[in-house]
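The structure appears below as structure tokens.
The values are calculated or read from the model by the stated rules, or taken from the named source; none is laboratory data. Note that the structure is a prediction, hence the values are computed from the model and not measured. Note that each Cβ is placed from the backbone with ideal geometry, even for glycine, and that neighbours are counted across all protein chains shown. Ligands, DNA and RNA are stripped out before the accessible areas are found, and what is left, the full protein with its side chains, is counted by its heavy atoms. Shrake-Rupley method; radii C 1.70, N 1.55, O 1.52, S 1.80 Å.
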Amino acid sequence: MSEISILAIDVAKGSFQVCGVMADGAVAFNRSVTRPRLYQLLAEQAHCVVAMEACATSHHWGRVAQSSGHEVRLIPAAYVKPFVKRQKNDRADAEAIAEAASRPSMRFVAVKSAE
């Protein structure tokens, strides 16, 4: 897992779609994980960029990722939508988040503190 440069997470309530992308842009994996497994994955993963659509719960997960030493990029949902290649589902959304996070001109939202 150390080769992963971007970890894109499509945030949901019970399970999360996680897409790991290598430095050359190839998708290493794109799978669904549970909430406890996501905590474990973020703790075990070598430092990388963790990207998510900006929403209320993404700030919590952003703080969790930052505490594990990751760089967090929250992307407004309107900026992710153009990168969805096929019908909207969690798998396609996670790949679109990874694609949007890799763009050099993309704008990101700062992670809010718990306060």
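Numerical summary
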read-out: Count - residues of segment 94-115 that are outside any loop (DSSP other than H, G, I, E, B) and either among the aromatic types (F, W, Y) or within 14 Å of L74 (Cβ to Cβ) (or both); value: 5
read-out: Residue selected from segment 45-69 under the condition β-branched (V, I, T) and assigned to a strand (DSSP E or B), by the criterion surrounded by the most Cβ atoms within 10 Å (Cβ to Cβ); value: V50
read-out: Among (1) open to solvent by less than 10 Å² (accessible area, probe 1.4 Å); (2) free of Cβ contacts under 8 Å to residues at least 24 places away in the same chain - the single one D24 does not satisfy; value: (1)
read-out: Scope segment 70-93; condition part of a helix (DSSP H, G or I) and either aromatic (F, W, Y) or in contact with a Phe, Trp or Tyr (Cβ under 7 Å, 6 or more places away or on another chain) (or both); matching residues; value: Y79, F83
read-out: Exclusive hit being without any contact (Cβ under 8 Å) to a residue 24 or more places away in the chain and over 19 Å from G20 (Cα atoms), set A92, A78; value: A78
read-out: Count of residues meeting criterion [in a strand (DSSP E or B) and hydrophobic (A, V, I, L, M, F, W, C)] in segment 1-41; value: 14
